[in-house]
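Written below as structure tokens is the structure these notes are about.
The values are calculated or read from the model by the stated rules, or taken from the named source; none is laboratory data. Every value quoted in this text rests on a predicted model; they were computed, and no experiment measured them. Every residue, glycine as well, gets a Cβ built from its backbone with ideal geometry; the counts of neighbours run over all protein chains shown. Accessible surface areas use protein heavy atoms only, side chains included; no ligands, DNA or RNA. Shrake-Rupley method; radii C 1.70, N 1.55, O 1.52, S 1.80 Å.
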Amino acid sequence: MKRILGMLVMLVAVQANAGEVTVSDAWSRATAPGQDNGMMQLVISSKQAAKLVGVTSMDAKTAEMHTMVHENGMMMMRQVESIDVAAGKPMDLGAAGYHLMLIGLKHPLKAGEMTEVLLTLRLANGKEEQVSVKAKIKSLTGSAQHMDMNMDMHH
Ligand SMILES: [Cu+2]
């Protein structure tokens, strides 16, 4: 009974926050043979200002938020602690130079399948909201291979 009550409280808490944050256009890239890291792009919209503060992947050991930076003439990736999302303004991670990094994939990402992450956002009102996101896995392209090269240098 105690456990059921706990679950009910959790459901109510989630519902109270539901609707502040929506995620769209989530996609990921199919991995090349032997590649154990993946990336994901998505667009986050929030009614109130928010910060993306955590990412959990269902298909990888860990997930991080990364930004691309120029260093010694090369594009490198750096982990960031959070990503700001302005109120009412869609935050396109890719356009802003960010991506989500899936590290230590438990299995290859195959084109046409889905991969799932759980995002944790801290809202301006101090509450946290978690959003489950399913991303479509797209096939590898030339530019993806360029990025994988940099990925290996960093990790
Ligand atoms: Cu990265």
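Observations, loosely collected:
- From the list 103, 83, the lone residue that is open to solvent by 30 Å² or more (accessible area, probe 1.4 Å) and closer than 28 Å to residue 32 by Cβ is 103.
- Cβ-Cβ distances below 6 Å connect the following pairs, each with a first residue in the range 21-43 that is within 16 Å of the ligand (Cβ to nearest atom), a second residue that is open to solvent by less than 40 Å² (accessible area, probe 1.4 Å) and of a type in the set (S, T, N, Q), and a separation of six or more residues or different chains: 27/41; 28/115; 38/28; 38/31; 40/28.
- Check on residue 53, over 18 Å from residue 24 (Cβ atoms), modelled with pLDDT of 95 or more and either more than 16 Å from the ligand (Cβ to nearest atom) or crowded, with 18+ Cβ neighbours inside 10 Å (or both): yes
- Candidates in the range 70-94 are the residues that are out of contact with any strand residue (DSSP E or B) (no Cβ under 7 Å at 6 or more places or on another chain) and within 16 Å of the ligand (Cβ to nearest atom); of these, the one that is nearest to residue 134 (Cα to Cα) is 81.
- Meets criteria (touching a helix residue (DSSP H, G or I) at 6+ places or on another chain (Cβ under 6 Å) and modelled with pLDDT under 95) for residue 68: no
- Which numbered condition residue 96 fails, given (1) within 22 Å of residue 20 (Cα to Cα); (2) in contact (Cβ under 8 Å) with a residue 24 or more places away in the chain; (3) small (Gly, Ala, Ser): (2)
- Per this entry, residue 66 is not counted among residues that are open to solvent by 50 Å² or more (accessible area, probe 1.4 Å) and over 14 Å from residue 22 (Cβ atoms).
- Selection of the range 100-124 for residues being closer than 14 Å to residue 23 by Cα and of a type outside the set (A, V, I, L, M) yields 116, 120.
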